[in-house]
Amino acid sequence: MQTIAAVTSGLSRDVIPIRRAVISVSDKTGIVELAGTLHTTYGVELVSTGGTARAIRGAGIPVKEVSEVTGFPEMLDGRVKTLHPKVHGGIMYVRGNEEHEKAVAAAGIVGIDLVVLNLYAFEATVSSGASFETCVENVDIGGPSMLRSSAKNHAHVAIVTSPKQYGELEAALAANGGGTPYALRKKYAAAAFAHSARYDAAIASWFSREVGDYDDSAIVRAGAKALGLKYGCNPYQLPAALYAPLGSASPFTVRNGAPGYINMLDALNAYQLVAELREACGLPAAASFKHVSPAGAALGVPLSEAEMDAYEARIHADNLTPLATAYIRARQADPLCSFGDFVALSDVVDLATARVLQKEVSDGVIAPGFDADALQVLAAKKGGKFVCVEMDPRYEPSTVEYREVYGVGFAQRRNDRHLSLADLENIVTQTKTIPDDKKRDLLLASIACKYTQSNSVAFAVDGQLVGVGAGQQSRVDCVKLAARKVQTWWLRQAPTVAALPFKDGLKRQDRVNARVRYIEGDLDAMPPHERQAFDAFFANPVLDMPLKDKQAHMQTLEGVCLASDAFFPFRDNIDVAAKFGVHYVAQAGGSVQDATVIQACDQLGIVMAMTGLRLFHH
């Protein structure tokens, strides 16, 4: 590969006076005013094209058409205007270089000291839904050529690519007697190359989508800043922002509040979960996310009387909609972990659901829309800081997704494999029957695993996740973690727990936390200060929940479904699950221990479907 040597012999000057400028812009914001300043204040000769020339001339400012400079008319419907040696030679020659000076003099080329341009609005054309042919016609050729020529020769030429730069340019001219300083030219050259790169990336990305062909030998990715963020995962991780693919509108709109980096990670993962649940199960769905995994997820299945009491949902009883019910279930799977959650809802948020959200400690919600009265309620939450994000339900992300870790780029096809009832047809146990409501719950648990940090398992019953085990290196540890949450969820409905003598006026979350601590037991082992704080919740002293009461209530739990994001490597997973009411299992299969796991299910009366799908999520 040959490298071209730099042209070093030339005139080196900091301030270059502007004598001639080429102006050719698609965005005409402020261009007449800039042209007036250049001509009137500094006597700059103006050269322009097409609509830009008409706008300048219409303001009474003298301007030459490019064709007057080149001696060649515009042709091919304006496709060829500035692609001419008298334009590019005037931009590119090195001032003070003897050879260059002789060449331009012999050709009758006059120097160009300033180029003001921006490119055809390709992204806007694509966003407008224009035809393929129209989009291609709006690929600028002459503009990028002049832009790159000017930026390359920034030692002698200033290149301005945005109306936002006009004020700074005018200030520099005023401070430097009508000239531009080198530092400014170098800065504008960097901006010009970035502008060109963004433009080319938008075209390349769009073309790739149009032809549907992914070339993995090199990738071109570019994004437009959609949302500035206060900081990244931690306050010292600055800058931070979200970007939408160039040529595409942002798929979300912030209707209230200012979401953070982790908020949006939760929101975009959780929304995928509820959207897939809605599609697979045909019911409104909700998810409660914390740190990019669900604390709970659920469908709009009516609540039982016991659940109404255990979830303290009777205050909403007269106005419950299926969507509101779905969120109550999602939140109440693990209300300790859902404290400060980010919520995802599959349907437009109605007033009933907003009223439920209003009562909870939560950071925000993402949904495909908000009824006006619901948004009014939510916008007042947290002193107006509650985050409401509206997701465009028509949005379809690219097939291939990208991320960067430690400076290394990763690419993969996004996990667009949607689960359905067909994935539960391969039943490998002796018992082959799975009732419809249990198929629904197996789908719920499986889809939840798909959006949970691996390794993961999920327990579900009655349209509700009741235990999630996420991010463990050992699968049986996932099962044990989730099972402990199942036990806590079920014991919250036990008569002994329902009868706890809380003091009047106690905050709802304090009651939630106290119930969980009571269920955990070993109250007498608490240090004195902890026991004192615990006792302060109650009107009367409480003793440990009798073990026989726990065991008796747990024996009433049945019909629970369990899903895993990959195969169970040993039967111990099944043995643990069976102690917590599991009667139905869905897992990928494919382990060398499959036969042993199937045998365990048959011995314990569990029906198991092997989906053939690994659902790792990282």
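The values are calculated or read from the model by the stated rules, or taken from the named source; none is laboratory data. It should be emphasised that the depicted structure is a prediction, and the values quoted were computed from it without experimental measurement. Here the Cβ positions follow ideal geometry from the backbone for every residue, glycine too, while neighbour counts run over all protein chains shown. Just the protein is used for accessible areas: all its heavy atoms, side chains included, with ligands, DNA and RNA removed. Shrake-Rupley method; radii C 1.70, N 1.55, O 1.52, S 1.80 Å.
Key figures for this structure:
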{"quantity": "Inter-probe distance in nm under a simple model that places probes 7 Å from Cα toward Cβ, at Thr253 and Leu336", "calculated": "4.1"}
{"quantity": "Among Val349, Ala306, Thr321 - extreme Cα towards positive end, dipole of the stretch 292-356, charges at beta-carbon", "calculated": "Val349"}
{"quantity": "Alpha-carbon centroids, the stretch 316-391 and the stretch 571-618: separation in whole Å", "calculated": "35"}
{"quantity": "Tensor-based shape of the stretch 416-519 (alpha-carbon gyration tensor, a/c under 1.5 rounded, otherwise prolate or oblate)", "calculated": "prolate"}
{"quantity": "Within the accessible area of the chain (1.4 Å probe), percent carbon and sulfur", "calculated": "53"}
{"quantity": "Surface per residue (accessible, 1.4 Å probe) for the chain, Å²", "calculated": "47"}
{"quantity": "Cα→Cβ-extended label distance, 7 Å offset, between Ala190 and Asp572, nm", "calculated": "5.6"}
{"quantity": "Gyration tensor verdict on the stretch 322-418 (Cα atoms; rounded if a/c is under 1.5, prolate if a/b is larger than b/c, oblate otherwise)", "calculated": "prolate"}
{"quantity": "Arg475 - accessible surface, heavy atoms, 1.4 Å probe, Å² rounded to 10", "calculated": "20"}
{"quantity": "Gap separating the Cα centres of the stretch 463-510 and the stretch 241-280, nearest whole Å", "calculated": "29"}
{"quantity": "Sequence ranges 463-472, 534-543, ranked by mean other-Cβ count within 10 angstrom, highest first", "calculated": "463-472, 534-543"}
{"quantity": "For the stretch 579-618: rounded, prolate or oblate by the Cα gyration tensor [a/c cutoff 1.5]", "calculated": "oblate"}
{"quantity": "3J(HN,Hα) from dihedral phi, the stretch 159-172, Karplus parametrisation 6.51/-1.76/1.60, rounded to Hz, x for glycine, proline", "calculated": "10, 10, 10, 8, x, 5, 8, 4, x, 5, 4, 4, 5, 5"}
{"quantity": "Per-peptide average of other Cβ atoms within 10 Å, ordering 551-558, 88-95 highest first", "calculated": "88-95, 551-558"}
{"quantity": "Highest average packing first - 438-447, 231-240, Cβ atoms within 10 Å", "calculated": "438-447, 231-240"}
{"quantity": "Where only C-alpha atoms are counted, convex hull volume of the chain per residue in Å³", "calculated": "215"}
{"quantity": "Among beta bridges that DSSP assigns inside the stretch 345-485, antiparallel share in %, nearest 5", "calculated": "70"}
{"quantity": "Accessible-area value, Glu520, 1.4 Å probe, nucleic acids and ligands omitted, Å²", "calculated": "100"}
{"quantity": "Net length gained if the chain between Asp371 and Arg403 were fully extended (0.36 nm per residue, minus Cα distance)", "calculated": "8.0 nm"}
